[in-house]
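Engineer: I'd like to ask some things about the structure below.
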Amino acid sequence: MDKIFDRFRPKAAADKKKNEGGGGGGINFFSFPGQNNNNKFQGQGKSLGGSKPGKVIEVELGEPGSLGIKVEKRPMGSAIVADVVPGSQAERAGLERGDILCFQGSNGQEEITYDLFLSLAKADQRPLCFEIRRITTKSGKGATTLAPEDGKNRSAESYARQQAVIAAAEKREREAKARNKKSNKDTKNNLPTLLSAQERRQIEEERLARMNAAIENQSEASREAVEAAKRSEATTAAQLGYNPYETNRVTAGQARNATVAATRGSMQTTTNSNGNDTTTKTATALSSTSAMPPLPAVRPPTDPGSDDNSIQSSKPKVPVSHDFEVAYETMVTSNQHVEVVNSFSVLRKLILNATTKGQSDDETQAAKFRKVRLSNAKIKAAIVDVEGAFDLMISVGFQLAEEEGESFLVYPKGFSGGSWVADALSIMEKYEKS
């Protein structure tokens, strides 16, 4: 029986006892009749592996007599402190309700069973050396342990299990914040650098210089071939009435109108002598099929912006930014319709405020309208949680900034947005009403 208590002696005495007794002949000194050798927390759940949470504290109770510890009755389970007797040596040693008793030297990973601890308490061996594992949770600026008065009808095991769950949740929250902080930092570092006007001019000059150098190095035959190709393109464009070699960006509605106009003829509204509007087809559509001159397979309409099935004012007069179009398409194709509608409502208000109120002479008030805090719950739901929304804000001129560990979108001072921003806001508003 003495060998069972060797592990609870002070370390120096335990080592001396072990050396005197030899290697023990392969006997497990730490087993005990009725002891569960699976030294894992015996709560309702099962161990998920890894180190057990909590702060490990070494304890030594050296006074003879009562230890002053009331352990919750849990046969075959771990010994958990249910109460500490006031004025006892256990209270002076700092034990508290909810502490889990563990073998010394195990760093709080090997728990003492209830039955074994009863034997230790009844024995006259002193001092008793062991460890306790105390699970603390964050509360305000510091850490608090289990409150003895919190639910007298609840068991110490329930306290310990609850604290373990809270501690695990707080750990996950800290890890998530660290990942988000790193992700925001990476996003900031990966943002494209805007070139100044001087840098753009220099790049264009270098491009022209390379092109001129390539032209000068061409042979006479090459130059003649290039000139012949240009003359052929000009002739083809004159015959067709438009330049097929020029790239035109059109919307789906404009492309549909182009196809209809090329195959069926376009509809035009004219005013007769009585002042009434009449709708007629073009001469191409009225003529017979045999007399109709051949038309190109794809010919743009006379007015690419016209669309009989939509409101003219909703069409952007100035092409919007390519980055805006990409972000807009990402939002409407990657999220639920109601999420996009709610996001556009918030984004339009932020962009409008930044480009109008944010550019006023009163800088104290204007700065508020140019700064968007991403940790705000409403802003997070509209921008961070909606795929493509963050990129859309960047496309209209907002820039990502970090202040005191928080992320912000900041709009430049003195910049009222590109000429296409108003059309972009109209596109977003039209989608909201769809």
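Engineer: Consider all pairwise Cα distances in region 328-434 and report the whole-number % of them above 18 Å.
Structural biologist: Working: 2618 of 5671 pairs.
Of the Cα pairs, 46 percent sit more than 18 Å apart.
Engineer: With a 1.4 Å probe and all protein chains kept in place, how do ARG172, ARG373, ARG133 rank by accessible area, largest first? All intermediate terms of the calculation are to be shown ahead of the outcome.
Structural biologist: On the way: ARG172 145, ARG373 100, ARG133 5 Å².
Largest accessible area first, the residues go ARG172, ARG373, ARG133.
Engineer: Which value, in Å² rounded to 10, gives the accessible area of PHE415 with a 1.4 Å probe and all protein chains present?
Structural biologist: 80
Engineer: A further question follows. Sort 195-208, 157-170 by the packing proxy (mean of other Cβ within 10 Å over each peptide's residues), most packed first. Mind showing how you got there, number by number?
Structural biologist: Numbers: 195-208: 10.1, 157-170: 17.8.
Listed from highest to lowest mean packing, they are 157-170, 195-208.
Engineer: Under 5 Å between amide H atoms, partner at least 5 residues away or on a different chain: which partners does THR136 have, H built in plane at 1.01 Å?
Structural biologist: LYS55
Engineer: Let me ask something else. Report in % the part of the accessible area of region 339-384 that belongs to carbon and sulfur, leaving out ligands and nucleic acids; probe 1.4 Å.
Structural biologist: Whole-percent figure for carbon plus sulfur exposure: 52.
Engineer: Report, by chain and number, residues whose modeled amide H sits under 5 Å from the one on GLY68, excluding near sequence neighbours (fewer than 5 apart, same chain).
Structural biologist: Those lying under 5 Å, H to H, from GLY68: there are none.
Engineer: Net charge within 11 Å of LYS73 by Cβ-Cβ distance, Lys/Arg positive one each and Asp/Glu negative one each, not counting LYS73 itself? Write down the numbers at each step before the final one.
Structural biologist: Numbers: positive: LYS70, ARG74; negative: GLU72, ASP115, GLU157.
Residues close to LYS73 contribute a combined charge of -1.
Engineer: What percentage of the solvent-accessible surface of region 66-143, computed with a 1.4 Å probe over protein heavy atoms, is contributed by carbon and sulfur atoms?
Structural biologist: Details: 1580 of 3220 Å².
Using a 1.4 Å probe with all protein chains present, region 66-143 comes out at 49 percent carbon and sulfur.
The values are calculated or read from the model by the stated rules, or taken from the named source; none is laboratory data. Everything numeric in this text was worked out from a predicted model, so none of it was measured. Virtual Cβ from ideal backbone geometry, glycine too; neighbours counted across all protein chains shown. Just so you know, the surface numbers come from the protein's heavy atoms only, side chains and all, with ligands and any DNA or RNA stripped out. Shrake-Rupley method; radii C 1.70, N 1.55, O 1.52, S 1.80 Å.
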